[in-house]
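> Below is one structure. I have some questions about it.
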Amino acid sequence: MKFAYQRLVVIGATSSGKSTLAKILSEKLNLDFIELDALYWEANWTKAPDDIFRQRVEMAISADRWALAGNYSVVRNLTWSRADAVVWLDYPLWTIFWQLTRRTFTRWWTQELLWGTNHENLWTHFKLWSQDSLYNWLFKTYWRRKREYPQLLSEPRHAHLTVFHFKSPREAESWFENL
C-alpha cells in the first residue's frame, strides 16, 4: 500500500526529533527535506527577518512533495495550509530533556556545523536563565505547545490535515517502520 501523504509537517518540542524524523521520512518516501531552522538561522546565530524567512519557506514548500521539520508560528499559516498531514512528537518532558542534553553535548564535542557558520556553544545552553539557552527555551515552550497544538489542530482551517500523534519515540519508530 502506498503512503497517501505527500506534504508532511513534523512538530514537537525542541530536541524531540523533528528534523531526524522528517529527514528519514523524506528519504523513505522520496520527499524533499525542509528544515525550518536552516531557513531561519543565518551566520553567527542571527535570526532571519520575518519577511525573508517567509519568502524562503514559500519557495521551499512550492515543491509538490516534502517533509518539513519545525514549529515556527510566523510561517505556520503557510506550511500547515499546504500540508496533508502533521506528525506531532508529543514526548514526555524528561525524554526530551535527555535528548536535548545528548544532542547538545554531541554537537559541541564534534563541532558539528549547523546552518552556515553556526556551532553549539555549551556554555550558552547551560546558562538556564539566558534567552539563548535551549534548556530555557524547552522549559518556556514545552507546556505551551502541549496546550496549543490540540487547539490549533482542531480549528476548521486545519480540518484537511491528518494528524499522527506520538507520545513516545517507540510509538513513532513503530509507525515509521510500518510505513
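> Express in nm, to one decimal, how much length is gained between residue 136 and residue 59 on full extension, taking 0.36 nm for each residue of separation and deducting their alpha carbon distance. Don't jump to the answer; show the numbers that get you there.
Details: separation 77, 0.36 × 77 = 27.72 nm, distance 3.13 nm.
Full extension from residue 136 to residue 59 adds 24.6 nm.
> Restricting to lysine pairs 8 or more places apart or on different chains, what number in the stretch 1-79 have Cα atoms under 20 Å apart? Display every interim value, and only then the final one.
On the way: 2/23; 2/28; 18/28; 18/47.
Count of close lysine pairs: 4.
> Compute a Gaussian network model of the chain, connecting alpha carbons closer than 10 Å, and tell me which residue from 73, 26, 16 fluctuates the most.
73
> Just to check I understand the Karplus step: with θ = phi - 60° and J = 6.51 cos²θ - 1.76 cosθ + 1.60, what whole-Hz values come out for the stretch 28-40, glycine and proline as x?
Couplings: 5, 9, 6, 10, 5, 9, 10, 10, 4, 4, 5, 7, 8 Hz.
> If you count, for each residue, the other Cβ atoms within 10 Å and average over each peptide, how do 41-48, 75-82 line up from highest to lowest?
Highest-to-lowest ranking by the protection proxy: 75-82, 41-48.
> Considering only the stretch 7-177, what is the antiparallel percent among its DSSP beta bridges, to the nearest 5?
Of those bridges, close to 15 percent are antiparallel.
> Shifting gears a bit: Can you give me the long-range amide H partners of residue 32? Hydrogens built in the peptide plane at 1.01 Å from N, cutoff under 5 Å, separation of 5 or more residues or another chain.
Amide H neighbours of residue 32, under 5 Å, 5+ apart: 65, 66, 67.
> Report the Rg/Rh value for the stretch 1-80, based on alpha-carbon coordinates and the Kirkwood definition of Rh. Intermediate values should be presented prior to the final figure.
Details: Rg = 12.6 Å, Rh = 12.9 Å.
Here the Rg-to-Rh quotient is 0.97.
> Here is a further query. What does the extension gain come out to for residue 37 and residue 176, with contour length at 0.36 nm per residue minus their alpha carbon separation?
Numbers: separation 139, 0.36 × 139 = 50.04 nm, distance 2.29 nm.
That pair, residue 37 and residue 176, stretches by 47.7 nm at full extension.
> Follow-up. Of 86, 9, 163, how do they rank once you tally other Cβ atoms within 10 Å and put the fewest first?
Values: 86 22, 9 26, 163 14.
Neighbour counts put them in this order, fewest first: 163, 86, 9.
> A further question follows. Can you check how the C-alpha radius of gyration of the chain compares to 2.2 N^0.38 Å, as a plain ratio?
Computed over Cα atoms of the chain, the ratio equals 1.01.
> Got a sec to turn the phi values of the stretch 12-23 into Karplus ³J(HN,Hα) couplings, 6.51 cos²θ - 1.76 cosθ + 1.60 with θ = phi - 60°, whole Hz, x for Gly and Pro?
Once θ is set to phi - 60°, the couplings for the stretch 12-23 become x, 5, 4, 6, 7, x, 4, 5, 4, 5, 4, 5 Hz.
Bear in mind these aren't lab numbers, they're just calculated from the coordinates by the rules spelled out. Computed from a prediction, not measured in an experiment: that's the story for all the values here. Reconstructed Cβ throughout: ideal geometry from the backbone, glycine too, with neighbour counts over all protein chains shown.
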